[in-house]
1. Can you list residues whose amide H is under 5 Å from Tyr161's amide H, if they're 5+ apart or on another chain and H is modeled 1.01 Å from N?
2. Between Ser223 and Leu333, what is the spin-label point distance in nm, taking each point 7 Å from the Cα along the Cα→C-beta axis?
3. Aspartates and glutamates within cross-link reach of Lys295: Cα-Cα under 19 Å, excluding same-chain residues under 8 positions apart?
4. Kindly write out, for region 269-280 in residue order, the coupling ³J(HN,Hα) from the Karplus curve 6.51 cos²θ - 1.76 cosθ + 1.60 (θ = phi - 60°), rounded to whole Hz, with x marking Gly and Pro.
5. Among 242-254, 545-557, how do they line up from the highest to the lowest mean number of other beta-carbon atoms within 10 Å?
6. Treat region 406-516 as a sphere of radius equal to its Kirkwood radius over Cα pairs and apply Stokes-Einstein at 37 °C in a medium of 0.692 mPa s; give the translational diffusion coefficient in µm²/s, rounded to a whole number.
7. Considering all projection directions equally, how large on average is the shadow of the alpha-carbon convex hull of region 88-194, in square nanometres?
8. Need the full-extension length gain, Thr268 to Leu504, defined as separation in residues times 0.36 nm minus the C-alpha distance. One decimal, nm.
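What follows is calculated from the coordinates using simple rules that are stated; it is not laboratory data. Not measured: the values here are computed from a predicted model. All Cβ positions, glycine included, derive from the backbone under ideal geometry; neighbour counts span all protein chains shown.
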Amino acid sequence: MFAQCFTSLVLISFALNLMAATLAVEITGVSKEQEQNIRAMLSLESLKGKEVVSRSRLRYLNAKAEDEIGKALQPFGYYRPEITAELTENAEKWVAQYHIVPGPLLPIGVLDIKLSGDALRDDVFNQALSASSLRTGRPLVHSDYENLKKQLRSLAAERGYYQGAFSEHRVEVDLLTYQANIVLHYDSGPRFKVGKVRFTESPLSDDFLIRYVPFKAGDPVQSSALLNLQSALVDSDYFQRVEVRPLWDQIDGTEVPIEVAVDAHKQTKYSGGFGYGTDTGARTKLGITRRWINKSGHQFNTQLLASEIRTNLTAEYAIPGLRPQQDRYTVNLSLDEEQSDSVDTSSNSLGVSWQQQQGRWQRVTSLTFQQEEFTISDETQQTDFLMPRISYTTVSTKDRLNIRNGYRLTLQALGGSDMLLSDTNFIQLSVNAKAVHSLNEKFRLLGRVDAGVTLIDDFDKLPVSQRFFAGGDNSVRGYEYQSLSPIDSDGDVTGAQNLLVGSLELDYRLKGNWGIATFIDAGNAFDDIDADLYIGVGVGVRWYSPIGPVRIDLAVPQTGDTDGVRLHFSLGPDL
């Protein structure tokens, strides 16, 4: 009886120890990538870290491991690995150890790659074959073989080979001679061409919409060109849905009709908003846009911007150019009034402009006639100017609302002549640049430079709207809006011929959508080259809202007679 009880206790203790033991799997001798693939195919890996409850199943899976490891190494070109397996047990855990010597790489012996059909005369296909890493004598890497197959299929889909297919494709492994034989035959068939382009019903004429099409009948069908057409029509703001598709079931010979299905937006769009800035005070914006006036895609929009110091009413009539996604012409009317501590002016302007996209640059060429009445040094003047203007702008960033890295650059030149409806001769050049660079996940560095120079015969006749001022939310923080410029005998600012403003800011991203910043601004508007720069330093809080960063800054002036702390508030994208 005692012997039976003792035997039962021993068996129970052994079973408990076995149940408590967990499995560890150790793999050595291979690269990290190879180890990951081995563990993905190793059945024993499913028990790792778990309590071993069945000794027989553990040994069964361990017996399968050598074959599974061998198969896992084959995609890397190893077909003769040497595997040392050991399964040990102690009181706390089981350990399955596999030491692997991958052995020699399997070389490519016979490489039979053939291209037929129209793709045989397509340089892009031939370049893909030439660039392939598959070569006789090189080790077989299955991913290289699969990548070449995928690339040929992708090129066929992109370049209009609708009937392209592999007539033969296989990899033969001969372990006796220890080499791999590859057979890859691709028949592209004919290259299909663009047939007639059809638009579904819309409020715009087909003659106008065809100007968006970046290809013509007879061109090869290319997926990238179809996507470019779709993107251009979506960006036009005429349509809420655009789908461009080849009608493969209506092929005529090698010509494929292209259907462009569109759903138009509502013709009229209304917009509005409210805001606040320390420079402008409370402000509001109201706008009305007619997305199309006629079947030729002409557009009209008007907008009212009103704040405590400034009111601006604009109206624009836009006419798309021959390439609507790249150029357009506008007629502009603007009524503007501003009354602040530094400026009292009212102006009316009428002009025409040509907006053109040139690669990454947007060029705007315009001619504007402007009448402006302004008061400087208690003297009121009225001026007339006919001003030609040209500007180039480029913006580079992946996300305008959440910028990690990017930049914006604008170059502008304008002028006037007393021989052409202007009160005096002048030329004005300006540059505005801003860049954002992320130092890491938390820190961003922001830099900004605004500079301008004016060459003029009679500065007193230059309208206030064309003079330079500094100071404020987007200039030199710590100083009032447009408070930095030359002053008259009464201490009132007069504006200046030249401008130089720079800023450097360091942002730190907190948890969620909040951040903090520290900055230094420096600059001035001046007439003489030896003018002093005013400096402001401070700290701020950032809230990264869905419509762009909200900035609240406290800035302290370091130069001049101004002292104390000034609050600045602004909203909008960093670029």
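1. Correct list: Phe192.
2. Modelled inter-label distance: 5.0 nm.
3. Qualifying aspartates and glutamates at Cα under 19 Å: Glu201, Asp206, Asp207, Asp235, Asp237, Asp263, Glu316, Asp327.
4. Couplings: 10, 10, 9, x, x, 10, x, 8, x, 5, 6, 9 Hz.
5. Values: 242-254: 13.9, 545-557: 16.9.
The packing order, highest mean first, is 545-557, 242-254.
6. On the way: Rh = 16.3 Å.
Answer, rounded: 201 µm²/s.
7. Working: hull surface 42.2 nm².
It is 10.5 nm².
8. Numbers: separation 236, 0.36 × 236 = 84.96 nm, distance 4.21 nm.
Working it through step by step, the gained length comes to 80.8 nm.
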